[in-house]
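We did not get these values from a lab; they are worked out from the coordinates using the rules stated. Keep in mind that this is a model prediction, so the values were computed, not measured. Because the Cβ atoms are built from the backbone with ideal geometry, glycine has one as well, and the counts that use them run over all protein chains shown.
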Amino acid sequence: NAGVTQTPKFQVLKTGQSMTLQCAQDMNHEYMSWYRQDPGMGLRLIHYSVGAGITDQGEVPNGYNVSRSTTEDFPLRLLSAAPSQTSVYFCASSKGGTGISPLHFGNGTRLTVT
Amino acid sequence: DAKTTQPPSMDCAEGRAANLPCNHSTISGNEYVYWYRQIHSQGPQYIIHGLKNNETNEMASLIITEDRKSSTLILPHATLRDTAVYYCIVRVASSGGSNYKLTFGKGTLLTVNP
């Protein structure tokens, strides 16, 4: 199994450009989420989804949009990139149900905004 | 979710057991203890979790004290590839949207030396 796949692995944007970070999982997981990781800040939740068609905001949602049209995919959109969005982005997924299922993470997208 | 306290760094000799402590003195009765690790430039990886009984899997053992206020992750025979940041996380296991809302602190940087 591929698990959680994120593309691209690296991206450089100019301020004001838009782009979509892709995330796909092949484990039929209900829950998917996006985190960003900055030095000294740990992982912070951006957006999450509890199933296809359902999304909600996390801790730091401003500047990002998400949609969940299928169980497998959960893309993260940057509408107008800013230098403050320079970070490493991780997508994660887990089973639904009782809520004790562990998160499975992708290997991240390293984004630089100049 | 209860707060956790971990030492910022630890060293271990290759082949020896690595014992990583975590203090969670405010843990509630329905909160699980999770351990993840993050190898440099990779996404976090789930290791193990437990409620009150000791747990063991192919990666590690988790020892939770009887009062559940602290726990220890044991890597029985550490290798150089175990060098990583280890995160101890405490959270309630419940159905619904909070399943993925893990709060990652700064963790413990374990360095395995040859």
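Taking θ as phi - 60° and the Karplus parameters 6.51, -1.76 and 1.60, the scalar couplings of the range B:56-71 work out to 9, 9, 5, 9, 6, 10, 10, 10, 10, 5, 4, 7, 6, 8, 8, 8 Hz in sequence order, x denoting glycine and proline.
Quick one: which of A:K95/B:K52; A:K14/B:K106; A:K9/B:K3 span more than 26 angstrom between C-alpha atoms?
A:K14/B:K106; A:K9/B:K3
Over chain B, with a Gaussian network built from C-alpha contacts below 10 Å, which listed residue (B:G15, B:G29, B:G43) shows the highest mean-square fluctuation? The residue with the greatest mean-square fluctuation here is B:G43. Placing unit charges on the Cβ atoms only, positive for Lys and Arg and negative for Asp and Glu, gives the protein assembly as shown a dipole magnitude near 460 debye about its Cα centre.
Please return the longest range in chain B lying between exposed loop sites, taking GluC sites (Glu not before Pro), DSSP loop only, at most 11 other beta-carbon atoms within 10 Å, and leaving the sites out.
Counting only loop sites that pass the neighbour cut-off, the longest clear stretch is B:1-57.
For B:I39, neighbours were defined as the other residues whose beta-carbon sits under 9 Å from its Cβ, and their charges (Lys and Arg +1, Asp and Glu -1) total +1.
Using 0.36 nm per residue and subtracting the Cα-Cα separation, the extra length available between A:T112 and A:N28 on full extension is 27.1 nm. Using 19 Å as the cut-off for backbone N distance, which residues of the range B:11-46 belong to the label zone defined by a point 7 Å from the Cα of B:T111 along Cα→Cβ? Residues B:11-21, B:38-42 qualify, since their backbone N sits under 19 Å from the label point. Looking at the range A:1-86, the trypsin sites (Lys or Arg not before Pro) that sit in a DSSP loop and have at most 14 other Cβ atoms within 10 Å of their own Cβ are A:K9, A:K14. Residues of the range A:1-42 with backbone nitrogen within less than 19 Å of a virtual label 7 Å along the Cα-to-Cβ line of B:H40, please, listed as ranges. Those under the cut-off are A:10, A:37-42. The label point for B:H77 and the one for A:V12, both projected 7 Å from the Cα toward the Cβ, are 4.5 nm apart.
Overall size of the range B:1-63 from C-alpha positions, given as principal axis extents largest first: 36, 23, 21 Å.
Treating each Cα of chain B as an identical point scatterer and summing with the Debye formula, the log10 of I(q)/I(0) at q = 0.14, 0.22, 0.24 Å⁻¹ comes to -0.53, -1.26, -1.45.
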